Every structure is written in C-alpha cells, then in structure tokens.
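Engineer: The following block contains the structure, expressed as structure tokens.
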C-alpha cells in the first residue's frame, strides 16, 4: 500500500527536525523519516558515571533564530551561558598562551613577532582587493598577514571549527565574512569592525550556550513536538518523479522499514541527509546532482571525554580550553574544559575535559583502537596541563564523517546545486554542507526553506 504525505523530510538531524517543525507550525503536513534508531545526528548528550558528555558539538552560538525556537519549544529556561570572558588558549612551544581576540590585544601580545604585527597594521591602514579566483584560508592568511599568524592562530581555529586543512578550505565558502570584509572595505579588520557596528543595535547578541542537560535537549523537544510524524529506523532508498492527472509533480519515495520496502508519495521532498546519502537518493531523479554533491567530503573526528580528580591537575582550567597548531606534532586538535564552562558536567571534585583527534589533516587517527586513542590523548593532556594520574573516566565517540569540508571549489558546487534545484522545485536540500556547519546556521537555513514552502503554498 502506498501512503501519501504532503511533505516528506528525509533525515532527522537538526536541519530536518527544524524544517518539519516550522512546516507543521504553519499548517503544512510534514513527516520525517530517519535511518538511525534515534534522531539528532551527531548531536547527542548522555550521562555516564555522573559526567554529562557531548558526543558532537560541545556548545553553540545562540543566534536570534535559535533563541526564538527555544522559546517556542518552552526550553529557553534550560539554557546555560558560558562565561563571556572565558579566555581561549593556543599551545605554543608546549605552553598555553591566551589568544588575542581583538586588534589591540594582538598588537600587545608577545605571541606574535614584529612582522605579523606590521602586517596587521598594514591591513588596518591600507587597502587591498581579494582575488577573483577561489582562495584557500592558508593563502589568504599568508597574503594578508603572515605564516606565523596561520600557524599559531588561523590554523588552530580552522581545526576547532571545521577540523579542516587551511590549505584546502575555501575562504569564501568557509569564512565568507572575512572575504566580504576585505571586498567591501578594502581591509579585513575595518570591514569586520563596520559589520560589528551595524549589529550593535540588535537586541540579542550571539553568546556561547548549551542546555542544563546537554544539547540533545533541543533534539528531544523537536522530536516530541513532531510525535508520530517522526519515524526512525526508516531508510530512504530511491526517488521517482511521476505526474498526476492534474499535471502536478508527485514524488514516489521507496523506503526500507523493518526489512520491508514501503512506498511513500509526496508533493514536496526535503532531503536533510549528508551529501553522500542525498546523492544516492537523487541518482534516479537526475544524475547531474551527483557532480555537485559527490565532491563534498567530511572530516572524521573522534571525541574523547576524560574525567580526572581536580586535585590531579596543576592547571587552573580557568577558560574555554585550548587549540593546538599542527606544527606542534601532537595528535589532539584541541580540548574543551567542559566543567569550567557549565555546571554539573562532572561529579563533585572531578573535572571533565573533552578532546578531539583526527580531522582532515590526520584522518587515520580516528580509526585507532579506543585504548590507544585514550592513552595518546591522556599523555598529551598530562604534559600540557600537568596531570599527575590516569583518567578516572574515559569515553570515545568516533565519527567517520563528522564535519563537511568547505574546500576549494565549494562555491561552484553550490551554484551547480542551486541550478539543479531550480529545475526541480518540489525537491529541496538542507544540511550543514550548504550554509555553514554551525547549529545556528543549520537552524536558519531550515527555517528559510520552510518559509519558502509556505509562501509557495499560499501563492497557489
């Protein structure tokens, strides 16, 4: 038997859940199918032995759209804000150094040499034009600043956000605000300052937040709102376009549920899966989708949660955590001091440290045995933080495909994808490989797609 749903969303990560929620709120019938046993994708929070672990993003920037969504779901009272002045550190020659987060702090910092400071002053006082061709983050940093800034500052932050390789990441795609700042003002720093002034009047400024019981609180609230309109353990296999007698395009989606094939028909299909799964679903619709989607790769990342007695650590752990330049030769990309940022992340007298390994620059590290990963991370943390005993708790969550890489050529792929979607208005793609991997960016894109669908329905 074939079941018809007005709108079918494939994928119950944050993008798919938010889009379906917004559609149903507007009165459009939407159902979500998810191949995994639970919704949320990489957003997972669990308590183990008194520790609250985040298996994916450790926190998020609370954008206006995201805060509005939390209020609508009645979970805004569960939000926790990290200390806004919590310092961030970078490891330089075995020592944690505070990261300068403003031009004056950069000039005053002993972290950088005279050449790097002169190049920053040249950007502030001079004028430049970005190249017309796609430019890597590394090439941009060397052109505008210095190799030292790339190694000590930009490279580590690229690892922290994308787990990516700055030699491959596209500046225009991965950090469009930097590209636009130079393009509009002739100076990266002046352009960013002008943009900040324009945002100064906004009522809500992005802050680093999470929920009292972890980021999965948002997933649970969305899933609870959808109720029976969310079906997990359902795998989309293929899509076929047909035409109804009224000349309306109907999409027939074949899915696998409990080992049996089912047929679903829908007037609108929203694909909220990773790019590779979207390619498989769309291959029978138009093989040209593959040329835009298949080049998108994902960096593998392992998330290592370690618990220690607070008395076993010499460092004060006052701050957000630290990032590690690739030139250090260490395995870890960086670490977040969870129990310093938010309450009830560890039992009394204990601390929780979450480290990351792998990424685009060291993908094989994720496939090492868990015991070896824990041993390596502990050894490196012990050297950096002065830890005198083994961890009293450990957990490893490995993601073979974690963060999409906005590498050189990404703009062309996105333009091609936009052209393909214009040919098939009943199909829309959403996800963290389109407009940024941040949770807030995914929410905003999902809401935009839902709003466009509502407008089209009201216009017909």
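The values are calculated or read from the model by the stated rules, or taken from the named source; none is laboratory data. Computed from a predicted model, the values in this text were never measured in an experiment. Note that we place each Cβ from the backbone using ideal geometry, even for glycine, and neighbour counts take in every protein chain shown.
Engineer: If you go through the stretch 135-154, how many residues are under 22 Å from residue 411 (Cβ atoms), under 20 Å from the mean Cα position of the chain (by Cα) and assigned to a helix (DSSP H, G or I)? Steps first, please.
Structural biologist: Kept after step one, since they are under 22 Å from residue 411 (Cβ atoms), are these residues of the stretch 135-154: 135-144, 150, 154.
After this cut, where a residue has to be under 20 Å from the mean Cα position of the chain (by Cα) as well, the list is 136-137, 154.
When the remaining residues are screened for being assigned to a helix (DSSP H, G or I), the result is 137, 154.
Residues flagged as under 22 Å from residue 411 (Cβ atoms), under 20 Å from the mean Cα position of the chain (by Cα) and assigned to a helix (DSSP H, G or I) within the stretch 135-154 amount to 2.
Engineer: Within the stretch 107-134, track down each residue that is without any contact (Cβ under 8 Å) to a residue 40 or more places away in the chain and either under 22 Å from residue 161 (Cα atoms) or not in a helix (DSSP H, G or I) (or both).
Structural biologist: 109, 110, 113, 131, 132, 133
Engineer: Name the single residue, out of those in the stretch 1-41 being modelled with pLDDT under 95 and not in a loop (DSSP other than H, G, I, E, B), that is farthest from residue 434 (Cα to Cα).
Structural biologist: The residue in question is 2.
Engineer: With (1) under 25 Å from residue 299 (Cβ atoms); (2) free of Cβ contacts under 8 Å to residues at least 60 places away in the same chain as the list, and residue 146 as the residue in question, which single condition is left unmet?
Structural biologist: (1)
Engineer: At positive phi, out of contact with any helix residue (DSSP H, G or I) (no Cβ under 9 Å at 6 or more places or on another chain) and assigned by TED's automatic domain parsing to the domain that holds residue 264: does that describe residue 214?
Structural biologist: Details: at positive phi: yes; out of contact with any helix residue (DSSP H, G or I) (no Cβ under 9 Å at 6 or more places or on another chain): yes; assigned by TED's automatic domain parsing to the domain that holds residue 264: yes.
Yes.
Engineer: Which one of these does residue 360 not meet: (1) in contact with a helix residue (DSSP H, G or I) (Cβ under 8 Å, 6 or more places away or on another chain); (2) in contact (Cβ under 8 Å) with a residue 40 or more places away in the chain; (3) in a helix (DSSP H, G or I)?
Structural biologist: (3)
Engineer: Looking only at the stretch 392-403, count every residue that is under 28 Å from the mean Cα position of the chain (by Cα) and either more than 30 Å from residue 433 (Cα to Cα) or without any contact (Cβ under 8 Å) to a residue 60 or more places away in the chain (or both) and tell me the total. Break it down stepwise before answering.
Structural biologist: Of the residues in the stretch 392-403, the ones under 28 Å from the mean Cα position of the chain (by Cα) are 393-403.
Then keep just the ones that are either more than 30 Å from residue 433 (Cα to Cα) or without any contact (Cβ under 8 Å) to a residue 60 or more places away in the chain (or both); that gives 393-394.
Qualifying residue count for the region: 2.
Engineer: Let me ask something else. Going residue by residue through the stretch 315-337, is there one that turns out to be under 15 Å from residue 391 (Cα atoms), assigned by TED's automatic domain parsing to the domain that holds residue 371 and either surrounded by fewer than 17 Cβ atoms within 10 Å (Cβ to Cβ) or out of contact with any strand residue (DSSP E or B) (no Cβ under 8 Å at 6 or more places or on another chain) (or both)?
Structural biologist: For the stretch 315-337, residues under 15 Å from residue 391 (Cα atoms), assigned by TED's automatic domain parsing to the domain that holds residue 371 and either surrounded by fewer than 17 Cβ atoms within 10 Å (Cβ to Cβ) or out of contact with any strand residue (DSSP E or B) (no Cβ under 8 Å at 6 or more places or on another chain) (or both): absent.
Engineer: Could you identify the single residue in 375, 327, 340 that is under 21 Å from residue 211 (Cβ atoms) and either more than 20 Å from the chain's Cα centre (by Cα) or part of a strand (DSSP E or B) (or both)? Lay out the reasoning, then the answer.
Structural biologist: On the way: 375 fails: under 21 Å from residue 211 (Cβ atoms); 327 fails: under 21 Å from residue 211 (Cβ atoms).
Result: 340 is the single residue among 375, 327, 340 that is under 21 Å from residue 211 (Cβ atoms) and either more than 20 Å from the chain's Cα centre (by Cα) or part of a strand (DSSP E or B) (or both).
Table: residues versus (1) in contact with a helix residue (DSSP H, G or I) (Cβ under 6 Å, 6 or more places away or on another chain); (2) closer than 30 Å to residue 361 by Cα; (3) at pLDDT 90 or above; (4) surrounded by 14 or more Cβ atoms within 10 Å (Cβ to Cβ).
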{"residue": "243", "(1), (2), (3), (4)": "no, no, no, no"}
{"residue": "249", "(1), (2), (3), (4)": "no, no, no, yes"}
{"residue": "252", "(1), (2), (3), (4)": "no, no, yes, yes"}
{"residue": "259", "(1), (2), (3), (4)": "no, no, no, no"}
{"residue": "271", "(1), (2), (3), (4)": "yes, yes, yes, yes"}
{"residue": "290", "(1), (2), (3), (4)": "yes, yes, yes, yes"}
{"residue": "303", "(1), (2), (3), (4)": "no, yes, yes, yes"}
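Engineer: Answer yes or no as to whether residue 452 is touching a strand residue (DSSP E or B) at 6+ places or on another chain (Cβ under 9 Å), assigned to a helix (DSSP H, G or I) and surrounded by fewer than 21 Cβ atoms within 10 Å (Cβ to Cβ). I'd like the intermediate steps shown before the answer.
Structural biologist: Values: touching a strand residue (DSSP E or B) at 6+ places or on another chain (Cβ under 9 Å): yes; assigned to a helix (DSSP H, G or I): yes; surrounded by fewer than 21 Cβ atoms within 10 Å (Cβ to Cβ): yes.
Yes, satisfied.
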